[in-house]
Amino acid sequence: MTAFKEFAHVCSQIENTSSSLEITDMVAEFFRIVDTEELPVVIHFIMGEVFPAWSEEELGIGKGLYYTSLSKVSGLSVDEIKEIVRKTGDIGKTTIEVMKNKSGDQVTFSVFFDDNTQLSIIDVYEALKKIAAINGKGSQNIKMKNLQYIFSKASPQESQYMARLVLEELRIGVGEGIVRDAIALAFDVPAESIERGFMLTNDMGAVGLAAKKGGIEEVEKLNMELNRPIKLMLAQVTPSIKTAIEEMEEAAIEWKFDGARLQVHKDKDKVSIYSRKLENITNSLPDVVSAVKEYVNADTAILDGEAFAVDENGKPKPFQEILKRLRRKYDIEITTRDIPLTVKFFDIMYLNGDYLIDLSLIERRRLLGECVRNSNSITVDQQVVTDDPEIGEKIYSEAIRAGHEGIMIKNPQSPYTPGKRGKNWLKKKPVMETLDLVVIGGEWGYGRRTNFIGSYTLSCYDPDSGNFLPIGKVGTGITDENLVELTGLFSDLIVVESGRDLEFKPEIVFEVAFEEIQKSTNYESGYALRFPRLVSIRDDKSPHEADTISRVDEIYRSQRK
Ligand code: AMP
């Protein structure tokens, strides 16, 4: 049994060391001396986590709860504690400081300064596990009592690191890289094998344990497991669709959706969903859980896809909308109803006991198509395999027109490489230029937007004539909150109103992104913007500081090159 004191001691040594090599040595040495069952806990602790990010276990100790606990045992008020945090800038130092101020009649931390207390690493872990399991009514109070109990057994140095651990603020500078190298060093396993094990299990604790138990052989046996996310395959940017397709000779092209990445695990009746950061977000997406249960015909599977919010016609809504659904703890039913999602699956890594990542993309897609039944809420992303760059360009324009982000160009023969950003997945999206344009007109909206000004006429400035020359309209990128604010703002600037059409005093400048400038006879400037989108309101700019017609000319000409 290793004492928690030892862990605190190593942390403090690491904090006083600047060389990563020396830190790696210290960490490796510590990994070597702790008991086998302690190792996974130590690995997570040293990386500043109690449970891995993907675990459903969560401590549920926020700053508020922690300050109140400290206040209870020290007799200081929460405000006084916050003041100490402001001064020290660190919850660990604050904890020590606060405990020094402990008033005489506060006995809860009675053995606080007794260095003989032997709190083991496993004691701390077990206590935190217990705290994580406390849920429901009155849980905050019970969590607090349990917290006070373990702190009452800790010495000042221990309590300093315990506080930082509990609030996920350990920050001693030991990340995945150092831990990988330290495991490799401690148990004589190549760092690449450790890396591979980590990509597949996403759990350094599990990788370290395998290395300690059976060296390289045991590490190489590690594989993905249901209900434990694997690292995601990532994409590189490509400047040109043509070159990308030509280099691959044949490419698999898919739409790129602007939403949130989801990794979905189906384990018979249990569905778990992980975010891009591989956090467990199952509870906030009950609609996806039931759709997967209904439309994924597999006993067990691990799928990769993108979720985005859609309007009543199934059109994608701005990216911000999906953020309102993720990691939500309250009002889940209401947001699920108000912000329906669609999930597009584009890959499969595991199916009914078979590991698929070494199969080619084409093979994996075939299996994906066989096991997902398309429905309103989940579908398999369409894919076209071609060697023709023109077809690539066409799919790209269609994706943009349909309100999506661009396309993915994938190598049809490539395996799924977890955690790698390689050349097998390329992404192409428009490089958005922005222009600062003056709003000179608008239009009352339709339907849900009847009482709001839903579209705005934009103009560039012509310094020669002093006129504002129309160049297009923008209605995209305006959130509901924005709509209310903008309608209020522009109502005061209406000069002429005829039917739905409005003319405004030129006063407000919008920063607008777009995909391209086109020649147009529809607008007085002679140009139109393709796919304009409101980025921000330039409160800091006057209409005469807006972009000029010659700047528009310039961008148009540079596009032609
Ligand atoms: P980026 O976030 O710009 O690095 O682009 C990569 C991201 O695009 C992925 O992580 C996914 O979240 C998202 N994405 C959307 N559609 C696809 C698709 N068809 N294939 C792969 N990734 C996609």
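The values are calculated or read from the model by the stated rules, or taken from the named source; none is laboratory data. If you're wondering where the values come from, they're calculated on a predicted model, not measured in any experiment. Here Cβ is always computed from backbone atoms with ideal geometry, including for glycine, and neighbour counts include all displayed protein chains. Note: areas computed on protein heavy atoms with side chains; ligands, DNA, RNA excluded. Shrake-Rupley method; radii C 1.70, N 1.55, O 1.52, S 1.80 Å.
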| Looking at segment 400-412, is at least one residue open to solvent by less than 40 Å² (accessible area, probe 1.4 Å), modelled with pLDDT of 95 or more, under 23 Å from LEU232 (Cβ atoms) and touching a Gly at 6+ places or on another chain (Cβ under 8 Å)? | yes
| request: Output yes when any residue across segment 458-471 is open to solvent by 20 Å² or more (accessible area, probe 1.4 Å), within 14 Å of the ligand (Cβ to nearest atom), of a type outside the set (Gly, Ala, Ser) and touching a residue at least 40 places away in the same chain (Cβ under 8 Å), and no when none is. | output: no
| query | Could you list, in sequence order, the residues of segment 424-436 that are open to solvent by 20 Å² or more (accessible area, probe 1.4 Å), within 14 Å of the ligand (Cβ to nearest atom) and not aliphatic (A, V, I, L, M)? | reply | ASN424, LYS427, LYS428, LYS429, PRO430
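For the subset of segment 382-414 comprising residues that are assigned to a helix (DSSP H, G or I) and either of a type in the set (Gly, Ala, Ser) or not assigned by TED's automatic domain parsing to the domain that holds MET248 (or both), which member is nearest to the ligand (Cβ to nearest atom)? Can you show your working first?
Let us first name the residues in segment 382-414 that are assigned to a helix (DSSP H, G or I), namely 389-401.
Of the ones still in play, those that are also either of a type in the set (Gly, Ala, Ser) or not assigned by TED's automatic domain parsing to the domain that holds MET248 (or both) are 392, 397, 399.
Working: GLY392: 14, SER397: 16, ALA399: 9 Å.
The selected residue is ALA399.
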| field | Residues that are within 18 Å of the chain's Cα centre (by Cα), at pLDDT 95 or above and open to solvent by 30 Å² or more (accessible area, probe 1.4 Å), drawn from segment 317-371 | value | LYS344
| So how many residues does segment 371-413 have that are small (Gly, Ala, Ser), within 27 Å of VAL288 (Cβ to Cβ) and in contact with a strand residue (DSSP E or B) (Cβ under 8 Å, 6 or more places away or on another chain)? | 5
| query | Taking GLY305, is it open to solvent by less than 10 Å² (accessible area, probe 1.4 Å) and within 16 Å of the ligand (Cβ to nearest atom)? | reply | yes
| task | Name, by its number, the condition in (1) touching a residue at least 60 places away in the same chain (Cβ under 8 Å); (2) within 16 Å of the ligand (Cβ to nearest atom) that does not hold for THR342. | result | (1)
| message | Being assigned to a helix (DSSP H, G or I) and open to solvent by less than 10 Å² (accessible area, probe 1.4 Å) is the filter here; which residues of segment 179-190 pass it? | response | VAL179, ALA182, ILE183
| request: Please give the helices (runs of 4 or more DSSP H) falling wholly within segment 1-111 in which 1 or more residues are out of contact with any strand residue (DSSP E or B) (no Cβ under 9 Å at 6 or more places or on another chain) and closer than 18 Å to VAL166 by Cβ. | output: 4-15, 39-46, 63-74, 78-88, 91-100
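Condition check: modelled with pLDDT under 95, within 25 Å of the chain's Cα centre (by Cα) and open to solvent by less than 20 Å² (accessible area, probe 1.4 Å). Does ASP381 satisfy that?
Details: modelled with pLDDT under 95: yes; within 25 Å of the chain's Cα centre (by Cα): yes; open to solvent by less than 20 Å² (accessible area, probe 1.4 Å): yes.
Yes.
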| query | Counting only residues that are within 30 Å of GLU38 (Cβ to Cβ), in a helix (DSSP H, G or I) and acidic (Asp, Glu), how many does segment 191-249 have? | reply | 5
| Inside segment 243-259, can you point out the residues that are surrounded by fewer than 23 Cβ atoms within 10 Å (Cβ to Cβ) and either closer than 8 Å to ASP387 by Cβ or more than 16 Å from the ligand (Cβ to nearest atom) (or both)? | THR243, GLU246, GLU247, GLU249, GLU250
| Only one residue in ASP347, ASP269, ASP299, ASP331 is within 16 Å of the ligand (Cβ to nearest atom) and out of contact with any Cys (no Cβ under 8 Å at 6 or more places or on another chain), so which one is that? | ASP347
